[in-house]
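A short worksheet on the structure shown next.
The values are calculated or read from the model by the stated rules, or taken from the named source; none is laboratory data. These figures come from a predicted structure and were not determined experimentally. Cβ placement follows ideal geometry from the backbone for every residue including glycine, while neighbour counts extend to all protein chains displayed. Surface accessibility is based on the protein's heavy atoms, side chains included, excluding ligands, DNA and RNA. Shrake-Rupley method; radii C 1.70, N 1.55, O 1.52, S 1.80 Å.
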Amino acid sequence: EIVLTQSPDFQSVTPNEKVTFTCRASQNIGSNLHWFQQKPGQSPKLLIKFASQSISGVPSRFSGSGSGTDFSLTIGSLEAEDAATYYCHQTAALPGTFGRGTKVEI
Amino acid sequence: QVQLQESGPGLVKPSQILSLTCSVSGDSISSGGYYWSWIRQHPGKGLEWIGNIYHSGSTQYTPSLKSRLTMSVDTSKNQFSLKLTSVTSADTAVYYCARARGRSTSNYLDVWGQGTLVTVSS
């Protein structure tokens, strides 16, 4: 199965800061990489689909980039409500797999 | 607006069967272009994809659970279900149902249920 490695595991940031996390796939997955935000006690929320495509209703400060094996999620100007764990998810091949997540503390 | 809601026992005894149902509202489970998925999250841990089912009944399972797993769909009730046999404490998790938009691969999970905690304990 395809392994997704996220880094860092944890990041402490300040409001208005720009932050970028990465997700590396163990093999080429094209653009079949999606990003989710999960807050405690809530289900994951889709932020970005197919590496860089925006989702209706998601603030424009969230953006994604990458293809092949290396991907990144950027929050342009962090807000307090962005405290959460962020997961990448690949659907290029079965079984679908998730990264272990990056926890963001404000 | 599409909504998904998981239901089922919150406590299951070891070696027994874990059964969950996901009720879909706001869309027909028979409409094309979607797969219907199960994902779980062990306490304090990351997400694990369990499997997909199409409205035709076609399934894809994660290899690690395949021997114990059965997914089914009831289009008349607009529901899909999961059965996991011979459960152990390692199956204790929050179970989510979700809608996967696209093909069997190259899809994305755009709508999730709220999740239901299933504890395996005697």
Problem set entry | Total formal charge among the other residues, if their Cβ is under 15 angstrom from that of B:VAL118, Lys/Arg +1 and Asp/Glu -1 | +2
Seminar exercise, completed: Output row A,B: buried area (accessible, probe 1.4 Å, summed both chains) in Å², nearest hundred, equals 1600
Seminar exercise, completed: Sorted by accessible surface (1.4 Å probe, heavy atoms of the protein chains only), largest first, B:ILE17, B:ILE50 come out as B:ILE17, B:ILE50
Problem set entry | For the stretch A:63-106, residues shielded by at least 20 square angstrom of accessible area compared with the chain on its own, probe 1.4 Å | A:TYR87, A:HIS89, A:THR91, A:LEU94, A:PRO95, A:GLY96, A:PHE98
Seminar exercise, completed: For A:LYS18 the rounded accessible area (nearest 10 Å², probe 1.4 Å, non-protein molecules ignored) is 140
Seminar exercise, completed: Close lysine pairs (the protein assembly as shown; alpha-carbon distance under 29 Å; 8 or more apart or on separate chains) counted at 26
Exercise. How much accessible area per residue does the stretch B:61-112 have, in Å², with a 1.4 Å probe?
Worked result: 43
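From Cα pairs below 8 angstrom and at least 6 apart in sequence, can you work out the relative contact order of chain B, rounded to a whole percent? If you can, show how the numbers build up before the last one.
Details: 301 pairs, mean separation 43.1, N = 122.
Computed value for chain B: 35 percent relative contact order.
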